[in-house]
Structures are given as structure tokens and as C-alpha cells.
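Below is one structure, written out as C-alpha cells, with a few remarks after it.
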Amino acid sequence: MPRHLTRLLSSALLALLLPCALLPHPAAAQAPPRLMLATVYHADADTGVAQYWVSEKLDGVRGRWDGHALWTRGGMRVQAPDWFTEGWPTVPLDGELWLGRGRFEDASGTVRAGDAADPAWRRMRFMVFDLPGDGGTFDTRVRHMRDLLDAAGVAWLRPVAQYRVRDRDELDALLATVVEAGGEGLMLHHEDARYHAGRSDDLLKYKPYDDAEARVVAHTPGKGKYRGMLGALVVERADGLRFRIGSGFSDAQRAAPPPVGSMVTYRYNGLSNKGVPRFARFLHVRHELPPPDPR
């Protein structure tokens with residue numbers, strides 16, 4: 001059988017099996033934690049940035065420490081080594097399991113594997129950016145985070161660095177520095193904000209591009225040097241709009257592309273007049289879908 005037909009059949013089979021593979025084992029899951037979620041910062045908005053704490057947006061796996069166990073945003077128990085969480089405070093922590101800039105796939109793979117003996121845990125850090133159980137303002141919570149984690153003295157449990165900027169020019173300069181170094185953007189958290197579940201205008205994300213998720217519905221064949229490999233993914237948004245993603249793939253990903261039925265994250269630069277994402281570029285497979293936004 002021709003190689004491209006073999007790949008297509010394999011993708012179709014994986015599409016049938018994928019929904020089962022994504023279902024968590026009942027003993028390994030709980031109701032998703034109620035998290036505070038960001039909205040998008042618009043540079044033309046009347047936002048007084050001097051009233052915000054600013055930090056780097058880390059490209060890791062979001063986690064919630066409930067004081068005793070570590071959970072993903074979707075409610076899956078993270079099978080971290082016992083030594084990794086030994087000595088952590090017995091209060092809730094909101095943070096990111098992070099291996100470094102540009103290493104989301106590695107961090108996600110380590111978390112999903114569920115292997116506490118994986119040596120990658122020796123390089124993992126849990127970067128804390130909030131205290132969900134602290135009733136104070138974010139300005140107060142920043143101080144409490146620093147004091148709490150300094151007292152814990154765990155090298156891989158650290159607060160995310162928080163900065164102040166005076167104006168938009170200084171904010172944009174910080175964004176440019178982070179992106180040039182391989183980071184994906186910034187987070188802005190209003191100094192007076194209290195922690196509450198759901199989308200909040202007090203928590204903003206600022207990136208040089210937009211990103212979103214879509215489901216793979218088909219593959220198109222490659223041409224030229226990509227003959228016999230993936231040319232582009234045909235994806236479908238939740239609203240039914242279909243479009244192609246043809247860039248952002250490594251040669252290995254073109255040889256073994258995300259299967260039909262899987263969810264992928266892509267980045268883009270705004271929308272066309274017809275609402276189609278401009279310059280859509282593949283980022284990674286989304287192995288765990290986030291729960292619906294809390295109300």
C-alpha cells in the first residue's frame with residue numbers, strides 16, 4: 001500500500017481512538033479547579049499600566065497545588081515525584097510547571113506520561129504566580145508569595161518574577177525583550193485585584209500574536225520536498241469555520257502529523273474581513289482541553 005495511504009488510514013484509526021484516549025481514568029481526575037483566567041490586553045485601550053504588576057507569560061503546563069496534591073487545569077492529578085512536592089506549603093498555589101522557554105511540548109509530555117521516575121522532573125520547576133486562598137489584593141499576595149516560598153526553601157518552587165512599569169513605552173520594551181529571548185509574552189495583574197474564578201479584566205495577557213484552538217478535520221498532501229508528507233492541516237473552529245494551517249511544523253511533525261480529530265493550538269495575526277485567522281501557524285497539539293470558563 002502507498003505510504004501516503006497508510007498514513008491516512010492510521011490517522012483515521014487514531015481519530016476513532018482519540019476520544020477514548022483523552023478520557024481520564026476516574027481515579028485520576030476530579031472536578032477542574034476554579035481558576036482566575038486572563039483576558040487580552042489591547043494596547044489602544046485606556047489601561048493605566050502603572051497600576052499593574054507585570055510578569056512573563058510562561059509556556060508551561062498550568063497547575064494548581066491544593067495544599068496536598070498537584071492538579072492540571074482540566075482536573076487531572078499530576079503524578080509528580082514525592083520529593084518534588086516535599087516541603088511545599090499546605091496552602092493553595094496557582095502556577096506553571098515549566099522547563100524553560102520554548103519547551104512546552106517537553107513539559108506537557110512529562111506531565112502526561114505520569115512517570116514519577118522520569119529524569120525530566122529534575123529540571124522541572126513550579127513557578128507560582130498567585131495564592132488562590134489569600135483574600136488580599138494582588139499587591140498583598142505578591143508579598144505573601146515571596147515570603148511563603150522563601151520560607152519553604154524549595155529550589156524548584158519559586159514565585160514568578162513580578163515587575164512594575166511606568167507607562168506603555170516601558171511595557172512594550174519589556175515585551176520586546178521577553179519575545180526576543182524566546183518568551184511568548186507578558187501577564188498584567190491589577191494591584192487591587194482579588195482572586196476570583198473566571199475571566200477577569202484585572203488579569204490581562206499581552207502577546208505579539210493571538211492564539212486559539214481548532215480541531216483537525218483533514219490533511220492535505222505536501223509537494224516538492226514535502227511530497228509524501230503533510231502539506232497542511234484543515235482545521236475547524238468551534239463556530240464551524242474551516243481553514244488551513246500550513247506552517248510551523250517540523251519535518252518530524254510533517255511525517256507524523258496530528259491525527260484527524262485531535263485539537264491543536266495555532267497562532268495568528270488578527271482576522272481577515274471574512275473572520276479567517278491571518279498567517280495561521282501551528283504551535284502544538286492540545287492534549288488536554290480546558291474546562292468551560294467558570295461563571
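The values are calculated or read from the model by the stated rules, or taken from the named source; none is laboratory data. Quantities reported herein were computed from a predicted structural model and do not represent experimental measurements. All Cβ positions, even for glycine, are placed from backbone atoms using ideal geometry, and neighbour counts span all protein chains on display.
Some observations on this one:
- Taking the stretch 85-196 as the region of interest, the helices (runs of 4 or more DSSP H) fully inside it that hold 1 or more residues being in contact with a Ser or Thr (Cβ under 8 Å, 6 or more places away or on another chain) are 104-113.
- Enumeration of residues in the stretch 275-289 that are under 18 Å from the mean Cα position of the chain (by Cα) and either among the aliphatic types (A, V, I, L, M) or part of a loop (DSSP other than H, G, I, E, B) (or both): A280, L283, V285, R286, H287, E288, L289
- Just one of the listed residues (R143, R101, R77) is basic (K, R) and touching an Asp or Glu at 6+ places or on another chain (Cβ under 9 Å), namely R101.
- Residues of the stretch 231-274 that turn out to be without any contact (Cβ under 8 Å) to a residue 12 or more places away in the chain and either in the same structural domain as A107 (by TED's automatic domain parsing) or part of a helix (DSSP H, G or I) (or both), as a count: 1
- Screening D167 with (1) modelled with pLDDT under 95; (2) surrounded by 14 or more Cβ atoms within 10 Å (Cβ to Cβ) gives one miss only, at (2).
- Candidate set: the stretch 186-198, residues that are within 23 Å of the chain's Cα centre (by Cα) and at pLDDT 95 or above; chosen: the one surrounded by the fewest Cβ atoms within 10 Å (Cβ to Cβ): R194
- Per-region count, the stretch 41-55, residues modelled with pLDDT of 90 or more and β-branched (V, I, T): 2
- Evaluated against (1) in contact with a helix residue (DSSP H, G or I) (Cβ under 6 Å, 6 or more places away or on another chain); (2) buried (at least 19 other Cβ atoms within 10 Å of the Cβ); (3) farther than 22 Å from P208 by Cβ, D134 falls short on exactly one condition, (2).
- Some residue of the stretch 83-100 being more than 24 Å from R141 (Cβ to Cβ), in contact with a strand residue (DSSP E or B) (Cβ under 9 Å, 6 or more places away or on another chain) and not basic (K, R): yes
- Of the residues screened, R215 is one that is assigned to a strand (DSSP E or B) and under 24 Å from R62 (Cα atoms).
- Number of the exception - T85 against (1) within 17 Å of the chain's Cα centre (by Cα); (2) farther than 21 Å from Y266 by Cα; (3) of a type in the set (S, T, N, Q): (1)
- Residue in the stretch 95-113 that is surrounded by the fewest Cβ atoms within 10 Å (Cβ to Cβ), counting only those that are touching a residue at least 60 places away in the same chain (Cβ under 8 Å) and within 20 Å of A69 (Cβ to Cβ): R112
- Within the stretch 137-153, the presence of at least one residue that is crowded, with 21+ Cβ neighbours inside 10 Å, touching a residue at least 40 places away in the same chain (Cβ under 8 Å) and among the charged types (D, E, K, R) is confirmed.
- Test: residue in the stretch 58-76 that is under 17 Å from K207 (Cβ atoms) and part of a strand (DSSP E or B): yes
- Members of the stretch 277-289 found to be out of contact with any Lys or Arg (no Cβ under 8 Å at 6 or more places or on another chain) and surrounded by 15 or more Cβ atoms within 10 Å (Cβ to Cβ), listed by number: P277, F282, H284, V285, R286
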